[in-house]
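The values are calculated or read from the model by the stated rules, or taken from the named source; none is laboratory data. Since we're looking at a predicted model, the values are computed, not measured. Don't worry about glycine lacking a Cβ; one is built from the backbone with ideal geometry, like all the others, and counts go over all protein chains shown.
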Amino acid sequence: MSDQVQISCRNVWKVFGPDPAGFMKRHGGQPTTEALASEGYIGAVQDVSFDVGAGEILIVMGLSGSGKSTLIRCITRLNDPTTGEIDFEGNNILTAKPKELIELRRHKMGMVFQNFGLLPHRSVLSNVAFPLEIQGIDRRERNKRAKEMIELVGLGGREDYFPRELSGGQQQRVGIARSLAVEPDVWFLDEPFSALDPLIRTEMQDEFIRLQQLLKKTIVFITHDFEEATRLADRIGIMKDGRLVQLSTPEQMVLHPANDYVAEFARNAPRDRIISVKAIMEPAAQNTPTDHPVTGTDRIGAAAERVLTADHPVLVIDHEGLPVGQVDRHAMTKALFGAV
Amino acid sequence: MDIAHTTDEARPWSGRALLALPLWQFFVVIAGGILLTTLWEGFARWPDDLVIPMKEWITRFFEWLGKEAAIGSYSFKDFTRAISDLLSYPLEWTEALLYRGIKPLGLPPIPWVAVVLGTAILGHWIGGWRLALFVGASMLYLSIFGLWKDSMRTLSIVLVAVPIAAAIGLFLGIRVTRSKRAAAIITPMFDLMQATPHMAYLVPVVVLFGFGQVPAMLATVIFAMPPMARCAILGIQTVPQDVIESGRMSGCTPRQLLWKVQLPTSKKTLMLGLNQVVMQTLAMVVIASLVGASGLGQKLLFSLQQLRLGAAVEQGLAIVLIAVVLDRLTQAYAYRETIHYSATTSFFQRHKHLLLFLFILIVTFIAANFHKELAILPKKMTFTLGREIDFAVREFSKNAYDYIGPVRDFITVSILLPIRDFYLWLPWPVLVGCIAVAGYRLGGFPVMTLTASLMLAIMLFGFWEPAMLTIYLVFSAVVICILIGVPIGVLASRSERIAKVTMTICDTLQTFPSFIYLIPVIMLFKVGDLSNIIAILAYATVPAVRYTYLGLKRVPEVLKEAAIANGCTPRQKFWKVEMPFAIPEIMLGVNQTIMMALAMTAITALIGSRDLGQEIYRALPTADTGRGLLAGLGIAAIGIIADRLISAWATKKKKNLGIE
Ligand SMILES: Nc1ncnc2c1ncn2[C@@H]1O[C@H](COP(=O)(O)OP(=O)(O)OP(=O)(O)O)[C@@H](O)[C@H]1O
Ligand SMILES: [Mg+2]
């Protein structure tokens, strides 16, 4: 992850109703929940600010109706935010003209949809080549690129099939190939796997991780599934009633949930695979034994056996083998099972 | 929804529900209306000298348009002539190809053998062997029974009118989805157009464009266009959100989105629109024989007028077959899935249908040069059962008419005529008042004003009597339609097997152009009010059956099971649970039946009546646009009144039942 900011949202509001702009003006840009309710407006996204770094995977979570899709759709300008500012690679996209927006979508953004959004009348090949066709790239070139993408997602040999002849997982692979065909900088995925059954879903997550290791894109990803989020995310943002209630690494979220709502999300998380040893260690004492130390960046699951079977605190070292702290049985139990 | 509520809600047709309507308002209106007639004659019968001479105005306006209107040096006449010329080109070419031959080049038309086989190949390509066999055999019938030229005449107009109507419809449909303002103008226009019977379109067209093939085609295009627009709107608006957004995210411009995403995705709906355009076109072309369009329709009209029933049956069958062929082909095409070929499939394999057709075309073309009978079957090689059918009908009439005649006369004299006299007696304040009260109770102020003022307009423009006769015919027929249709629908909903047969029959009946239904009616009942009603019955019963069936089918399983669990006998379950639930749907079927019945009254004018249909029919030869157009709009107005009242009622009822 680099420090370069890819997307930056400042005080973004998206209000649905008869006259959102007038409504926002009347309330000085900061309507209260009561004002929204009493005037019959829906605050789908409320005062959301955050940055996405280049190459980062940001996962957005929240209950149904919490505004996740609306937020992503504001960034892609499928919806126009009511107020606020969104910069994409340093350019304000809210003032972008339709033409610029189309250019942006043609070259910089790719999106995968929950229900795939494939064109039923086109073959796999022609679906994947569609974004290229739209740009006016000639047939041979676009088919070549599309074929590569189809190979990449593992659908080689099915180029001539139609969407209805494919399983759900295969259809979503087509959706993924299509979104990647233009080699976008940022990849948006709105619950890409939630229409698939659980087995296929895991398979597709692995596929996704494989692709990301290959491509290293900036990703904004929506999911309902916290476990999925922890497998994939650099950072997780949790939304509630249109507001972003916490944005942090999975580890922080598990260790220090901002409120009960977030804690509820994190409750069933596989803590052993999320929390690192570093996060629960304390400064090393002088007399800590130095045999069989554990590494700070390891997840606690990997270090658990060593720590729990030792009758003394275990030394924590960094990659160079230098001691950075120690961890004892008590801290390990607490971290593994939560604050009991 | 909970069961107790439904059963309690109970039978809308029972006394209790009727009492829920404030009947007293109706009583007041009826009593008041009758009282008024004692005060002033005009309340019983609107005086002729108070009629607004809208008829004359419109007639004069169209005469002016046709003769004098001009912008600069271009008269309106030049404009209509330009349109005629423009339309006549493609028509002449199609006619040349199908039956005339290209005279200057000395080329014969496409040989009938090639057309028959070509249609069969098309059928196979779209729908497999069964379809191929059916369409091939149907086309063969046209040739063998010596109806080839007339069929090709009719088909030429269809083939040219369909693409034009479809293109205009598509364009307008797209406009509606793109602009609120266009929607506000176009949508109500379509509503009106759809309620106006075919024949009413013919009058202004005749005035502006004269008689013949081209005016017929023009009327056809105007008439057949709305369904395409409707389907385009529906199709575009129902493209899944995900698909549209994926298109937008791919970087589509609005135009690309329309042509590459929205329209192709709604192919099925668009094709069904095309199917309707084709069917409407055919129905209209047949009727357009009244304005001199030659072809099957005209032959059928002559046969009917001369009571040559044998010929009429053969021509009618030809029309029916063409209708069914066109319907099956377009429907099958709509539901056809694109198939993918593997990369190894040869060019030959991929295009086998087209290649085969081209081959047949060339071979028959060459062969037709030596054997003329391959081009068009000479008369002596054709076949007819006309005389036999005539004989059979005469024999049948001779024997059966002794029975049918008296029955007909009895029904007419002792039932129909009293009802008719009642409608004619009905003072207008009573009817208008009742419509207003019903409108207000069901749909509030807007529905009341619309329905009542439409009825008033009919009177003020001087169409009260023919309108009342129309209402009498339509409503007598509709009552019988319901008495026949609803039980059949109920029966169909009880058994899958019956349902399948019934629905197939319904589908087929609905593809027949309305004109056709006159043939058996004239054969059996000759002319008169009863014949009119029976023709309407034959045409308009289908929706009553269909909607009853669908309504009952849609009753949720849980509801039925709960009824059984509550200890309902089958009879109780049906009357207390299923029927109340299905009633709104059934009423929409009744609505549809009324619309079709109204459309049919315009056709039954051909076998004599005194209603609005007859007004249109009479206006045709005299080119009395005002009379014809207003009478047509009068029929539309009656349709709209019925539609608004029934829809308002059904909506209310559905809401009460918690459906949708
Ligand atoms: N076009 C719209 N008009 C009105 N309200 C809308 C519209 N789109 C979304 N909303 C409302 O905005 C809120 C947020 O919706 P959104 O689709 O962003 O939720 P979500 O978090 O994506 O939910 P889900 O998990 O179900 O996809 C919801 O209350 C929804 O009803
Ligand atoms: Mg969503």
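From the list A:V245, A:V220, pick out the single residue that is within 16 Å of ligand 2 (Cβ to nearest atom), closer than 21 Å to A:C9 by Cβ and in contact (Cβ under 8 Å) with a residue 12 or more places away in the chain. Before the answer, list the steps.
Numbers: A:V245 fails: within 16 Å of ligand 2 (Cβ to nearest atom).
After ruling out the rest, the residue left standing is A:V220.
Please pick out the residue among A:E251, A:E207, A:E282, A:E227 that is among the acidic types (D, E), over 16 Å from A:L58 (Cβ atoms) and crowded, with 17+ Cβ neighbours inside 10 Å. Write out each step before concluding.
Working: A:E251 fails: over 16 Å from A:L58 (Cβ atoms); A:E282 fails: crowded, with 17+ Cβ neighbours inside 10 Å; A:E227 fails: crowded, with 17+ Cβ neighbours inside 10 Å.
Selected residue: A:E207, the only one of A:E251, A:E207, A:E282, A:E227 that is among the acidic types (D, E), over 16 Å from A:L58 (Cβ atoms) and crowded, with 17+ Cβ neighbours inside 10 Å.
Just a yes or no: is a residue in segment A:81-99 within 14 Å of ligand 1 (Cβ to nearest atom) and not acidic (D, E)? Full working, then the answer.
Let us first name the residues in segment A:81-99 that are within 14 Å of ligand 1 (Cβ to nearest atom), namely A:81-82.
Retained after the next criterion (residues that are not acidic (D, E)): A:81-82.
Yes: segment A:81-99 contains one or more residues that are within 14 Å of ligand 1 (Cβ to nearest atom) and not acidic (D, E).
Can you list residue pairs whose Cβ atoms sit under 7 Å apart, with the first residue in segment A:109-127 being of a type in the set (V, I, T) and the second being within 16 Å of ligand 1 (Cβ to nearest atom) and in a loop (DSSP other than H, G, I, E, B)? Count only pairs 6 or more apart in sequence or on different chains.
A:V112/A:P192
Of all residues in segment A:43-68, count the ones that are within 16 Å of ligand 2 (Cβ to nearest atom) and surrounded by fewer than 18 Cβ atoms within 10 Å (Cβ to Cβ).
Of the residues in segment A:43-68, 3 are within 16 Å of ligand 2 (Cβ to nearest atom) and surrounded by fewer than 18 Cβ atoms within 10 Å (Cβ to Cβ).
If you go through segment A:61-80, how many residues are within 14 Å of another protein chain (Cβ to nearest Cβ) and either within 26 Å of A:A266 (Cα to Cα) or within 8 Å of ligand 1 (Cβ to nearest atom) (or both)? Give the derivation first.
Narrowing segment A:61-80 to residues within 14 Å of another protein chain (Cβ to nearest Cβ): A:69-70, A:72-80.
From the residues that got through so far, the ones that are either within 26 Å of A:A266 (Cα to Cα) or within 8 Å of ligand 1 (Cβ to nearest atom) (or both) too are A:69-70, A:72-73, A:79.
The total comes to 5.
Return yes when B:F302 is in a helix (DSSP H, G or I), among the aromatic types (F, W, Y), surrounded by fewer than 21 Cβ atoms within 10 Å (Cβ to Cβ) and in contact with a Ser or Thr (Cβ under 9 Å, 6 or more places away or on another chain) and no when it is not.
yes
Going by what's in this entry, would A:F188 be described as crowded, with 18+ Cβ neighbours inside 10 Å and within 16 Å of ligand 2 (Cβ to nearest atom)? First the steps, then the outcome.
Working: crowded, with 18+ Cβ neighbours inside 10 Å: yes; within 16 Å of ligand 2 (Cβ to nearest atom): yes.
Yes.
Quick one: which residue in A:M149, A:M109 is away from ligand 1 (no atom under 16 Å from the Cβ) and in contact with a strand residue (DSSP E or B) (Cβ under 6 Å, 6 or more places away or on another chain)? Lay out the reasoning, then the answer.
On the way: A:M149 fails: in contact with a strand residue (DSSP E or B) (Cβ under 6 Å, 6 or more places away or on another chain).
Exactly one residue qualifies, and that residue is A:M109.
Where in segment B:486-601 are the helices (runs of 4 or more DSSP H), entirely inside, with at least 1 residues that are within 27 Å of B:L473 (Cα to Cα) and more than 17 Å from the chain's Cα centre (by Cα)?
Working: elements: B:496-511, B:518-525, B:529-553, B:557-565.
By residue number, B:496-511, B:518-525, B:529-553.
For segment A:195-215, does any single residue satisfy the condition of being within 19 Å of A:G156 (Cα to Cα) and within 12 Å of chain B (Cβ to nearest Cβ)?
no
Check whether at least one residue in segment A:76-95 is within 16 Å of ligand 2 (Cβ to nearest atom), crowded, with 20+ Cβ neighbours inside 10 Å and under 17 Å from the mean Cα position of the chain (by Cα), and report yes or no. Steps first, answer last, please.
Taking segment A:76-95 and keeping what is within 16 Å of ligand 2 (Cβ to nearest atom), we get A:76, A:78-79.
From what is left, the residues that are crowded, with 20+ Cβ neighbours inside 10 Å are A:76.
Add one more test, that the residue is under 17 Å from the mean Cα position of the chain (by Cα), and what stays is A:76.
Looking through segment A:76-95, at least one residue is within 16 Å of ligand 2 (Cβ to nearest atom), crowded, with 20+ Cβ neighbours inside 10 Å and under 17 Å from the mean Cα position of the chain (by Cα).
Tell me yes or no: at least one residue of segment B:331-352 is more than 14 Å from chain A (Cβ to nearest Cβ), of a type in the set (S, T, Y) and touching a residue at least 12 places away in the same chain (Cβ under 8 Å).
no
Quick one: count up the residues across segment A:134-187 that are assigned to a loop (DSSP other than H, G, I, E, B), charged (D, E, K, R) and within 11 Å of another protein chain (Cβ to nearest Cβ).
3
Out of the residues in segment A:49-60 that are of a type in the set (A, V, I, L, M, F, W, C) and either out of contact with any Lys or Arg (no Cβ under 7 Å at 6 or more places or on another chain) or modelled with pLDDT under 90 (or both), which is farthest from ligand 1 (Cβ to nearest atom)? Give the steps one after another, and end with the answer.
Keep residues of segment A:49-60 that are of a type in the set (A, V, I, L, M, F, W, C), which gives A:50, A:52, A:54, A:57-60.
Within this subset, residues satisfying the condition of being either out of contact with any Lys or Arg (no Cβ under 7 Å at 6 or more places or on another chain) or modelled with pLDDT under 90 (or both) are A:50, A:52, A:54, A:57, A:59.
Values: A:F50: 16, A:V52: 18, A:A54: 25, A:I57: 18, A:I59: 13 Å.
Only one residue fits best here, namely A:A54.
If B:A368 satisfies every condition in (1) modelled with pLDDT under 80; (2) under 34 Å from the mean Cα position of the chain (by Cα) but one, which is the exception?
Exception for B:A368: condition (2).
So A:E89 clears everything in (1) without any contact (Cβ under 8 Å) to a residue 40 or more places away in the chain; (2) away from chain B (no Cβ under 12 Å) except one condition, right? Which one?
(1)
Just a yes or no: is a residue in segment B:609-618 at pLDDT below 85 and over 23 Å from the mean Cα position of the chain (by Cα)?
No; the residues of segment B:609-618 include none that is at pLDDT below 85 and over 23 Å from the mean Cα position of the chain (by Cα).
Conditions (1) of a type in the set (D, E); (2) within 16 Å of ligand 2 (Cβ to nearest atom); (3) on the phi > 0 side of the Ramachandran plot, marked per residue:
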{"residue": "A:L104", "(1), (2), (3)": "no, no, no"}
{"residue": "A:K108", "(1), (2), (3)": "no, no, no"}
{"residue": "A:Q114", "(1), (2), (3)": "no, yes, no"}
{"residue": "A:V124", "(1), (2), (3)": "no, no, no"}
{"residue": "A:P131", "(1), (2), (3)": "no, no, no"}
{"residue": "A:G136", "(1), (2), (3)": "no, no, yes"}
{"residue": "A:E151", "(1), (2), (3)": "yes, no, no"}
{"residue": "A:L155", "(1), (2), (3)": "no, no, no"}
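Would you confirm whether any residue within segment A:32-44 is in a strand (DSSP E or B), more than 14 Å from chain B (Cβ to nearest Cβ) and of a type in the set (A, V, I, L, M, F, W, C)? Step through it out loud before you land on a result.
First, pick out the residues of segment A:32-44 that are in a strand (DSSP E or B): A:42-44.
Adding the requirement that they be more than 14 Å from chain B (Cβ to nearest Cβ) leaves A:42-44.
Remaining after also requiring of a type in the set (A, V, I, L, M, F, W, C): A:42, A:44.
Yes, there is a match, as at least one residue in segment A:32-44 is in a strand (DSSP E or B), more than 14 Å from chain B (Cβ to nearest Cβ) and of a type in the set (A, V, I, L, M, F, W, C).
Within segment B:163-282, which helices (runs of 4 or more DSSP H) (wholly inside it) include 1 or more residues that are within 14 Å of another protein chain (Cβ to nearest Cβ)? Please lay out each step first, then the result.
On the way: elements: B:180-195, B:198-209, B:213-237, B:241-249.
Correct list: B:213-237, B:241-249.
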